[in-house]
């Protein structure tokens, strides 16, 4: 099978998929990573949602985005809405803070994973700028 060396891989995860994207992208040669409306840690999300339950013990899959970010060696774009009613904006801020450079944060408005529909121009232009600054054709 021929080896493809000219393609660019951009790993993009949204919401729960952001935790999976961080896992996939760690220690891999990828051109960029986009984490949209992503939680910092599933354990933290569960504890916030059910503060009276031992959420960390009850979870089968922990999806620790926080532990993966330091192993991503590609430019990272974090997108998060200040109006996100599912994953609090503070998670986006924590994801951004934990990510290695180069990194960018795109603050948007709108519902959880609805920024594309609520502020399409800002959303798309932010992604174009990030990719233009950080991804070069190989």
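Highest-first packing order for the peptide set 16-27, 96-107 is 16-27, 96-107, based on the mean count of other beta carbon atoms within 10 Å. Relative to the longest principal axis of the chain, what angle (0 to 90°, nearest 10) does the C-alpha long axis of helix 89-98 take? The angle comes out near 50 degrees. The long axis of helix 120-134 is offset from the longest Cα principal axis of the chain by roughly 60 degrees. Work out the P(r) tail for the chain: percent of alpha carbon pairs separated by more than 17 Å, whole number. Summing the P(r) of the chain above 17 Å gives 59 percent of all pairs. Explain nothing, just the number: relative contact order of segment 12-111, from Cα pairs under 8 Å at least 6 residues apart, as a whole percent. After rounding, I find 30 percent. Computed from Cα atoms, the angle from the helix 16-25 axis to the main principal axis of the chain rounds to 50 degrees. Mind running the shape call on segment 71-138? Use the C-alpha gyration tensor, a ≥ b ≥ c as the square roots of the eigenvalues: rounded below 1.5 for a/c, prolate if a/b tops b/c, oblate otherwise. Oblate, because a/c is 1.5 or more while a/b does not exceed b/c.
Every number in this text was worked out from the coordinates using simple rules, so none of it is lab data. Being a predicted model, the structure only gives us computed values, none of them experimental. Backbone-built Cβ (ideal geometry, glycine too); neighbour counts: all protein chains shown.
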